[in-house]
Amino acid sequence: MALTVKALQGDIAAEVGGVDIAAGITPEIANEIETVLSKYIVIVLRNQQINDEQQQAFIQHFGPPVKTNAIKELEEATHRQPHLLDIATVDAQGKPLADKSFIKLYMLANQFWHTDGSQSQPPQRLTALSARRLPTVPPNTEYADMRAAWDALPALMQEKVEDLKAQHSIAYSRAKMGLSQDTFSAESLKNRPPVEHALVRKHPRSGRKSLYLSGHASHIVGWPEEEGRALLDELMAHAVQRQFVYAHQWQPNDLVMWDDSCSMHRALPYDAPEPRVLRWSGVRELQPV
Ligand code: MN
């Protein structure tokens, strides 16, 4: 193995060395990264000073890249390429996002625990987030290990939830921030209809089961909505207990990559004037799950 792996926290997060994204990676390196990601849910690649072309070339080693043009209201508000999107406190011109604007509220919803791309079918599989501009004291990003959360569920609860499905939608997660359905264009809503996913998944490489939850998950398919919502709330509270959580402290030029099939994450509050720009990219699953 050409890579070096240093655990940062248990089997949740590791720092991986021996990867130079700017120089381009080989399929063998991509496969080694996949192997590391089947043990740890989050990997940190330090000192990756990269441009957009290099980031796009990197993620394409891992599957079909997620297109970032489904939500029309994000257009022009932020830096974007077909497969990149800024998670940022400023717009493409470097101006702070306006209070109560669509983009600001949309980004604020990242403070809810969620799984990237669970509002799609097939859903997102991996995310790669590149630190392009960090404030002096950047806020952490937190990750929850949904395999450990599954393992720690009482057997009766595991049996109860094993075969359930949840409905996920972007309209649901954004409504929590006050972005009602009518703030989305008809086209965006058509691009992002509610989808259903299994509540429990098994990782194809590690064989480990995990809970598949998200801030986009509204209720359990086939259950009365309130009961499903209550169950999802209970599972969410269980899954984000501190023993399952890694808090990533950003360093300049970090590229953090994670497995969305068995993790959740959230942004921590940040509203200081120094801009923060994280450039987001991801790849999706090949099949519906
Ligand atoms: Mn996210």
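Residues of region 143-174 that are hydroxyl-bearing (Ser, Thr, Tyr) and modelled with pLDDT under 95: 169, 172, 173. I need the full set of residues from region 242-268 which are under 24 Å from residue 210 (Cα atoms) and charged (D, E, K, R), in order please. Listed by number, the residues that qualify are 242, 259, 260, 266.
Is it true that residue 214 is in contact (Cβ under 8 Å) with a residue 40 or more places away in the chain, closer than 22 Å to residue 169 by Cβ, in a loop (DSSP other than H, G, I, E, B) and open to solvent by less than 30 Å² (accessible area, probe 1.4 Å)? Full working, then the answer.
Values: in contact (Cβ under 8 Å) with a residue 40 or more places away in the chain: yes; closer than 22 Å to residue 169 by Cβ: yes; in a loop (DSSP other than H, G, I, E, B): yes; open to solvent by less than 30 Å² (accessible area, probe 1.4 Å): yes.
Answer is yes for this residue.
Somewhere in region 216-234, is a residue charged (D, E, K, R), within 29 Å of residue 104 (Cβ to Cβ) and within 16 Å of the ligand (Cβ to nearest atom)? No, the conditions are met nowhere in region 216-234. In summary, residue 17 fulfils each of the numbered conditions (1) closer than 21 Å to residue 280 by Cβ; (2) open to solvent by less than 40 Å² (accessible area, probe 1.4 Å) with the single exception of condition (1). Only one of the numbered conditions (1) more than 20 Å from the chain's Cα centre (by Cα); (2) loosely packed, with under 12 Cβ neighbours inside 10 Å is not met by residue 269, and that is (1). Of all residues in region 110-161, those satisfying the criterion of being more than 16 Å from the ligand (Cβ to nearest atom), closer than 24 Å to residue 274 by Cβ and aliphatic (A, V, I, L, M) are 134, 137. Within region 116-138, residues that are at pLDDT 95 or above and hydrophobic (A, V, I, L, M, F, W, C) have Cβ atoms under 6 Å from residues that are open to solvent by 10 Å² or more (accessible area, probe 1.4 Å) and within 12 Å of the ligand (Cβ to nearest atom) in these pairs: 129/280, counting only partners at least 6 apart in sequence or on another chain. Counting only strands (runs of 3 or more DSSP E) that sit wholly inside region 1-110, those with at least 2 residues that are in contact (Cβ under 8 Å) with a residue 60 or more places away in the chain and either at negative phi or hydroxyl-bearing (Ser, Thr, Tyr) (or both) are 4-9, 42-45, 84-88.
The values are calculated or read from the model by the stated rules, or taken from the named source; none is laboratory data. On a predicted model such as this, the values are computed, not experimentally measured, just so you know. So basically every Cβ, Gly included, is an ideal-geometry build from the backbone, and we count neighbours across all protein chains shown. Note: accessible area is taken over every heavy atom of the protein model, side chains too, but ligands, DNA and RNA are not part of it. Shrake-Rupley method; radii C 1.70, N 1.55, O 1.52, S 1.80 Å.
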